[in-house]
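In what follows, a structure is listed as structure tokens, so that the remarks can point back to it.
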Amino acid sequence: MSGSAHAQEFSMLAGPLVSDSANSYSWDANYREGMGRYAAWSFSWLNEGHIPAHHRDGQSLQLWARLPTWHDRLEWSAGVGPYRYFDTTAAQAGGDYSNTHGWGILWSLRAAYYFDSRWIAELQLNRAHVFGGPDTTAILFGIGFQLDANDGPGARQEALAHTTNVTNNEVTVMIGETILNSYSSESALAESVEYRRGLWRFLDVTATYLHEGGHIQSRRDGVAAQLWATRAFLDDRLALSAGIGPYVSITQNNDLPLDRAGDGRISGLVSVSASYRIDPRWLARVTWNRVVTRYDRDTDVIEAGIGLRF
């Protein structure tokens, strides 16, 4: 890495959420990177809790204007960007529920205090305006961690690229849980095998075989191909990545309505992942997959496992 100031932060926030119909909770997992002293961008996985007839979450990419004050320890910022949401709602006709996908806009205000160490205390206001559902407002409190050391107080301003690929070759075996995106959140055991290769400094590609378990409504086995945006930190021991790509079912249950059976073969797979490189050959990985279907069988597949680097 270059010797210039870095700007990568990871934060976890949670707090109360309000909408027109009821109150609930919200949480936000956020990766943030500086674009100079007065600007930044962020990627978030936002969960909007359980308001009546809506269990909604999704991803947002935001641009931020920021103002450092008080010797750069206190930062004020405002952000806005697109919000791709996934919502478990009441079924329109028949069935117990429906998986609805759509777009919205996420507006945010943030105050952050930077300690002498890498830790950050944060207060954030989120306003989610969606096209096809209730708008929500949440007040979130949380902590953040600066993923690269800084020479002085305050947020990092810029991050420069690695001169080599973040990833070479990795094979990882993982096990975890499949959770059906229904009101009952039925679950089953999940397993997968992933091959990952670095294509460029910040770009990985994966090929994955995924078994989603034996539950009658969510049984699927398939293969996925994804492209990943990847960053490495802490002397390249920690790697964070976000990926997207197609997921093709090889086998699946046959409980789909006849008019929807053709929709079940190809789905989308949206994922976030973190790996810790134990030594030059071995790593531990945690991945959260969202399977995005067109026939009300969306699932979360959350897994952890061990991988070999070569």
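The values are calculated or read from the model by the stated rules, or taken from the named source; none is laboratory data. These figures come from a predicted structure and were not determined experimentally. Virtual Cβ from ideal backbone geometry, glycine too; neighbours counted across all protein chains shown.
Please find, within region 58-69, the residue that is farthest from Thr136 (Cα to Cα) out of those that are surrounded by 20 or more Cβ atoms within 10 Å (Cβ to Cβ) and out of contact with any Lys or Arg (no Cβ under 7 Å at 6 or more places or on another chain).
Arg66
Does Gly198 meet the test of being without any contact (Cβ under 8 Å) to a residue 40 or more places away in the chain and buried (at least 21 other Cβ atoms within 10 Å of the Cβ)?
For Gly198, the condition - without any contact (Cβ under 8 Å) to a residue 40 or more places away in the chain and buried (at least 21 other Cβ atoms within 10 Å of the Cβ) - is not met.
Restricting to region 165-185, give me the number of residues that are surrounded by fewer than 20 Cβ atoms within 10 Å (Cβ to Cβ) and either among the aromatic types (Phe, Trp, Tyr) or over 16 Å from Glu303 (Cα atoms) (or both).
Total meeting the criteria: 6.
Quickly run through region 218-229 and pick out the residues that are in a strand (DSSP E or B) and either in contact with a helix residue (DSSP H, G or I) (Cβ under 8 Å, 6 or more places away or on another chain) or at pLDDT below 95 (or both).
Listed by number, the residues that qualify are Arg220, Asp221, Gly222.
Can you confirm whether His71 is under 30 Å from Asp96 (Cα atoms), assigned by TED's automatic domain parsing to the domain that holds Thr100 and at pLDDT below 95?
no
Could you tell me whether Ala207 is buried (at least 17 other Cβ atoms within 10 Å of the Cβ) and either touching a Leu at 6+ places or on another chain (Cβ under 6 Å) or of a type in the set (Gly, Ala, Ser) (or both)?
No; evaluated as a whole, the condition is false for this residue.
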